[in-house]
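Undergrad: Sending over a structure as structure tokens; questions will come in a sec.
The values are calculated or read from the model by the stated rules, or taken from the named source; none is laboratory data. Please read these numbers as outputs of a predicted model, since none were measured by experiment. A quick note on method: Cβ atoms are made from the backbone with ideal geometry, for glycine too, and the neighbour counts reach across all protein chains shown. Side chains included, ligands, DNA and RNA excluded: accessible areas come from the protein's heavy atoms. Shrake-Rupley method; radii C 1.70, N 1.55, O 1.52, S 1.80 Å.
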Amino acid sequence: MKLLHIDSSILGDHSASRQLSRSVVEAFSAVEADTQVTYRDLASEALGHFSAGTLAAAGTPEEGRDAAQKQEVLGNEATLQQFLDADVVVIGAPMYNFTIPSQLKAWIDRITVAGRTFRYTETGPEGLCGDKQVIIVSTAGGLHVGQPTSVGHEDFLKVLFGFIGVTNLKFVFAHGLAYGDEPRANAMTAAQKQIAEAFAA
């Protein structure tokens, strides 16, 4: 069992999403003893923004690429292959200004690839990642679950992973973290309980 653990918070040790995503990985590994974990920190090892240069590198024949293009293509392929190889993906996804961190969006742009994670057919798009489980740790200072303000965060992630075929998609929520010490503690406790119950042996 291969598990890919992704963190995207810029808050380091102060990050709620990092704490909870780590708890998810630990709980999953306790149940699945053979789990091989690969960790990626998108804040400390950020991918560049998806750009015209990204497309140009991919569209240039290998023998014609300059050094920068070769590095771009190699990095993007490694990121995609890391995702493709994983049976389970755990993602720490805090909400910044009503959406996901730009670091996480850059990663998503590298794994949403026609012919690899989805394809277009005569009847419409078809996702190719139906064999994966994705667990998303959603954290936010405000209260957004089920609200219109979730459209660029939770709703976006549901659409995105649904588009590439992921049907086994779970969320762990810790919202209202900026409402004071007690609401924060309660939200974190509730999230930890959710994790424990989800992976109870």
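Undergrad: Where does the chain land at 222 nm, in deg cm²/dmol rounded to the nearest 500, when only DSSP H runs of n ≥ 4 count, each adding -39500 (n - 2.57), divided by all residues?
TA: The helix contribution divided over the chain gives -13000 deg cm²/dmol.
Undergrad: Here's something else I'd like to know. With a 1.4 Å probe and all protein chains kept in place, how do Met1, Met95 rank by accessible area, largest first?
TA: Result of the area sort, largest leading: Met1, Met95.
Undergrad: Probe radius 1.4 Å, ligands and nucleic acids left out: which of Tyr39, Tyr120, Tyr179 has the largest accessible area, and how do the rest follow?
TA: Tyr120, Tyr179, Tyr39
Undergrad: Starting from the Cα of Gln147, move 7 Å in the Cα-to-Cβ direction to define the label point; list residues of the range 1-30 whose amide nitrogen is under 11 Å from there.
TA: Inside the label zone: nothing.
Undergrad: Accessible surface of Arg116 in the full protein assembly, 1.4 angstrom probe, to the nearest 10 Å²?
TA: In the full protein context, Arg116 sits at about 90 Å².
Undergrad: Within the chain, what whole-number % of the accessible surface is contributed by carbon and sulfur, with the 1.4 Å probe and all protein chains included in the calculation?
TA: Result for the chain: 54 percent of the exposed heavy-atom area is carbon or sulfur.
Undergrad: Also: What is the list of residues in the range 1-19 whose amide nitrogen lies under 12 Å from a point 7 angstrom out from the Cα of Val37, following Cα to Cβ?
TA: The answer is 3-7, 19.
Undergrad: Between rounded, prolate and oblate, where does the range 126-201 land on the alpha carbon gyration tensor, with a ≥ b ≥ c its root eigenvalues, rounded for a/c under 1.5, else prolate if a/b exceeds b/c?
TA: Oblate, because a/c is 1.5 or more while a/b does not exceed b/c.
Undergrad: How much of the DSSP bridge set in the chain is antiparallel, in percent, rounded to the nearest 5?
TA: 15
Undergrad: Taking the 0 to 90 degree range and rounding to the nearest ten, how far is the long axis of helix 181-198 tilted relative to the main principal axis of the chain, both from C-alpha atoms?
TA: Roughly 70 degrees, rounded to the nearest 10.
Undergrad: Among the listed pairs Lys158/Lys193; Lys105/Lys193; Lys70/Lys132; Lys2/Lys132; Lys2/Lys70; Lys105/Lys170, which have their C-alpha atoms separated by more than 21 angstrom in this model?
TA: Lys158/Lys193; Lys105/Lys193; Lys70/Lys132; Lys2/Lys70
Undergrad: Now, a different point. Multiply the residue separation of Phe50 and Val159 by 0.36 nm, subtract the distance between their alpha-carbon atoms, and state the gained length in nm to one decimal.
TA: My answer for the length gained is 37.3 nm.
Undergrad: How far, in degrees from 0 to 90, does helix 102-111 lean away from the longest principal axis of the Cα atoms of the chain, to the nearest 10?
TA: Tilt of helix 102-111: around 50 degrees.
Undergrad: Compute the acute angle (0 to 90°) between the alpha-carbon long axis of helix 16-31 and the principal axis of greatest extent of the alpha-carbon atoms of the chain; round to the nearest 10°.
TA: Approximately 90 degrees, to the nearest ten.
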